[in-house]
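The values are calculated or read from the model by the stated rules, or taken from the named source; none is laboratory data. Computed from a predicted model, the values in this text were never measured in an experiment. So basically every Cβ, Gly included, is an ideal-geometry build from the backbone, and we count neighbours across all protein chains shown.
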Amino acid sequence: MPDPSRTTAAAPGPRTQGPDGHPPLLEVRGVTKTFGSGRRRLTALDGVDLRLGRGETLGLVGESGCGKSTLARVLLGLERPDAGTVRYDGVDPFALRGKELLAWRRRVQMVFQDPFASLNARMSAAELIGEPWRTHRDVVPDARAREKRIRELLSLVGLRDSDAHRHPNEFSGGQRQRIGIARALALDPDVIVCDEPVSALDLSVQAQVLNVLSELRSRLGVAYVFISHDLSVVRYISDRVTVMYLGKVIEHGATEDVFEQPRHPYTAALMSAAPVLDTSRSGEDREIRLQGEIPSPFDIPSGCRFRTRCPRAEDRCAAEAPPAVVRDGAGGGDAHTALCHFPLEAGTAWA
Amino acid sequence: MTTTPAPPATEPALAVEGLCVDLSTVSGTVRAVDGVSFSVRRGRTLALLGESGCGKSMTALSVVGLLDPAAEVTAGAVRVRGQDTLRMSAAERRKLAGPVLSIVFQDALTALNPVQPVGRQIGEPFRIHRGLSRRQAEEKAIELMTRVGIPEPRQRAKSYPHQFSGGMRQRLLIAMAVALDPDVLIADEPTTALDVTVQAQIMRLLRDLQHERDMAVVLITHDLAVVAQRADDVVVMYAGTVVEQGPVHDVFTSPRHPYTRGLLDSVPEDAERGRPLPAVPGSPPELSAVPPGCVFQARCPMVRERCVRERPSLRGTGDGRSAACHFSEELDRA
């Protein structure tokens, strides 16, 4: 058994094979994406690695400008990376053309943040849910089967048959988001990228939609990439968590490892800044205060990109890019990786 | 100025009594706020907690007199410094805006004038209420910008709102709101649009300013954790009515209204992964279809016949708490 507290300066490459010897459902390696040119070049993603197995949920956390939405677009094949690879079951979607590309698109779907803006107001729930079949004609070819499938999808997301002919304005926010989920499910995808799927919803309704998503995962085995700024939601839904800062993955690991023992100071600060429900625990005592705001992605700091706000930063952080420090996950699952010169150890006290 | 002096600390700085607001819509008039009462003393923070459409923002806008023309206050009183602002003329009310009551909005970009340098906007209250010259007002603005943590305030005073980040814009708005040391500061979802780490900075700034200036703060929010961390007392609203109120710690540890309980249970914070969250079924009623009995009946797990027939009144329980539920004792025991 390796020592669980081992740290190494070099990251072992991400596993290229799943535990069963097959390639993982989704594997992203070294994905970099920049926009603009010359001095006005914005680095949205910088060498991002991630991996997703069948039926897994990967939580993607970070503040605005961290690159999580650009990453979602890359995963959906909407944005071609400048460097790095994206593989679904070993296949590069960016190399596909024509029918093959169309067939691949079925496998990766999206649920959007705002159920008020993402549904066409002139279409009924049934039309919205069945619309993907207009492009992917062979999924459910005949009209009668489509009607039946729409009823199944409505029931899967907890809507009634009678809802099929109602229009978006007749639904509440939570119900609209259910339609958005049913629509994403219409093509039987392997992966659904959920971009802040519950942020626009009221708390009491948010819990309903989270329950629908978890239930679908266990019933259909669909995998999620779950993007959210809400840490309590990510903690609840994800198997593994990836934390991003200014286009880079700065920490990754099993949900329990990352939340219970964050190693990167940014992750720790993010968690300490989120207010908690417990009135007897004052946020002020445990909060790690960060200076300032996220730097501009046009002008990323040298060395460690978090150093301008990091309470632990030293000279070395400006001079050298931080190494990936790795240790085995507590649950024997994924390695727990952080990109830091001075990672937090168990029980590290602040300041 | 003819306004009476600031109230002593034992008197509420703001008291809202039986406030009702009607809203004209294409399909008729609906009651958006129905008999809301609360009060807050200087130095204390009261949270108005509720989901979208519960009437919390409408309540705040009524207090500062900024209601949309489609909405009308039909009953109630808003007392500050011994006067009912609802019975004042527009001119009298304007004199209160700044030195007595002020508000910080959620969306700082729309709340600031896009075509005026921020220094001039922040200085404006001093020119209007204190008659300072443009130059003196600008000096005051720079002092305030320093206080709220804007780096290089003298240069930045000449910048326009779009040249600031979201967090900095919220600081500017706060600077303007506290410029004249109001008795009462109303903050309407002041950090909702901000990132978590910036949100923490803004909440800390608000708290420091509150202590320094001994203000009463009314915090309007849908975020239970923000209430838990920041407020002394909480007023929980649902479908235009107050369903529960009391000290935050008491209400959050032993809620006496099933809606409050449902909200607290919906927070996934300590939920076990993979286990279904105890969600409140359904969604809040449309304002045009609020049922006659209890407003929460359609979603309540303990609803019975009496709840359909009779609307529960907000009953005090003698310990600074009250709840509008026929069967709140059952929750207390649970």
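Note on the stretch B:272-304: residues that are surrounded by 19 or more Cβ atoms within 10 Å (Cβ to Cβ), facing chain A (nearest Cβ under 8 Å) and in contact with a Lys or Arg (Cβ under 9 Å, 6 or more places away or on another chain) total 3.
The residues in the stretch B:204-226 that are within 20 Å of A:Ile288 (Cα to Cα), more than 8 Å from chain A (Cβ to nearest Cβ) and among the aliphatic types (A, V, I, L, M) can be counted, and the count is 2. Against the conditions (1) surrounded by 24 or more Cβ atoms within 10 Å (Cβ to Cβ); (2) aliphatic (A, V, I, L, M); (3) touching a helix residue (DSSP H, G or I) at 6+ places or on another chain (Cβ under 7 Å), B:Val235 satisfies every one except (3). Each residue in the stretch B:1-49 was checked for being loosely packed, with under 14 Cβ neighbours inside 10 Å and at pLDDT 95 or above, and 1 pass.
In the stretch A:286-298, the residues that are more than 8 Å from chain B (Cβ to nearest Cβ) reach residues that are basic (Lys, Arg) and surrounded by 19 or more Cβ atoms within 10 Å (Cβ to Cβ) with C-beta atoms within less than 7 angstrom, at least six apart or across chains, in these pairs: A:Gln291/A:Arg309; A:Gly292/A:Arg309. Of the set (1) in a helix (DSSP H, G or I); (2) crowded, with 19+ Cβ neighbours inside 10 Å; (3) aliphatic (A, V, I, L, M), all apply to A:Ala145 but (2). Residues in the stretch A:114-139 that are surrounded by 20 or more Cβ atoms within 10 Å (Cβ to Cβ) and in contact (Cβ under 8 Å) with a residue 40 or more places away in the chain: A:Pro115, A:Leu119, A:Ala125, A:Leu128, A:Ile129, A:Gly130. Taking the stretch A:32-94 as the region of interest, the strands (runs of 3 or more DSSP E) fully inside it that hold 2 or more residues being surrounded by fewer than 22 Cβ atoms within 10 Å (Cβ to Cβ) are A:42-52, A:83-88.
To keep it simple, each residue is scored yes or no on (1) among the hydrophobic types (A, V, I, L, M, F, W, C); (2) farther than 22 Å from B:Gln106 by Cα; (3) touching a Cys at 6+ places or on another chain (Cβ under 7 Å).
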{"site": "B:Thr197", "(1), (2), (3)": "no, no, no"}
{"site": "B:Ile202", "(1), (2), (3)": "yes, no, no"}
{"site": "B:His211", "(1), (2), (3)": "no, no, no"}
{"site": "B:Asp233", "(1), (2), (3)": "no, no, no"}
{"site": "B:Ser266", "(1), (2), (3)": "no, yes, no"}
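If you filter the stretch B:145-165 down to residues that are within 12 Å of another protein chain (Cβ to nearest Cβ), surrounded by fewer than 20 Cβ atoms within 10 Å (Cβ to Cβ) and touching a helix residue (DSSP H, G or I) at 6+ places or on another chain (Cβ under 7 Å), you find that the one that is nearest to B:Leu206 (Cα to Cα) is B:Gly149.
The residues listed here are A:Cys310, A:Cys340; of these, the one that is at pLDDT 95 or above and either within 26 Å of the chain's Cα centre (by Cα) or within 14 Å of another protein chain (Cβ to nearest Cβ) (or both) is A:Cys340. Filtered by the rule that a residue be within 13 Å of chain B (Cβ to nearest Cβ) and among the hydrophobic types (A, V, I, L, M, F, W, C), the stretch A:221-237 gives A:Phe226, A:Leu231, A:Val233, A:Val234, A:Ile237. A Cβ distance below 7 Å, combined with a sequence gap of six or more or placement on separate chains, defines the contacts here; from the stretch A:200-215, residues that are of a type in the set (S, T, N, Q) reach residues that are part of a helix (DSSP H, G or I) in the pairs A:Ser204/B:Gly262; A:Ser204/B:Leu263; A:Ser204/B:Ser266; A:Gln206/B:Ser266; A:Gln208/A:Gly174; A:Ser214/A:Ile237. Scanning the stretch B:205-248 for residues that are in contact with a Lys or Arg (Cβ under 8 Å, 6 or more places away or on another chain) and charged (D, E, K, R) yields B:Arg207, B:Asp214, B:Arg230, B:Asp232, B:Asp233, B:Glu244. Pull up the stretch A:185-220, narrow it to residues that are hydrophobic (A, V, I, L, M, F, W, C), at the interface with chain B (Cβ under 9 Å from one of its Cβ atoms) and touching a Leu at 6+ places or on another chain (Cβ under 7 Å), then point me to the one that is surrounded by the fewest Cβ atoms within 10 Å (Cβ to Cβ). Checking each candidate, the answer is A:Leu203. For A:Val139, the conditions (1) touching a Leu at 6+ places or on another chain (Cβ under 9 Å); (2) modelled with pLDDT of 95 or more; (3) hydrophobic (A, V, I, L, M, F, W, C) all hold with the exception of (2).
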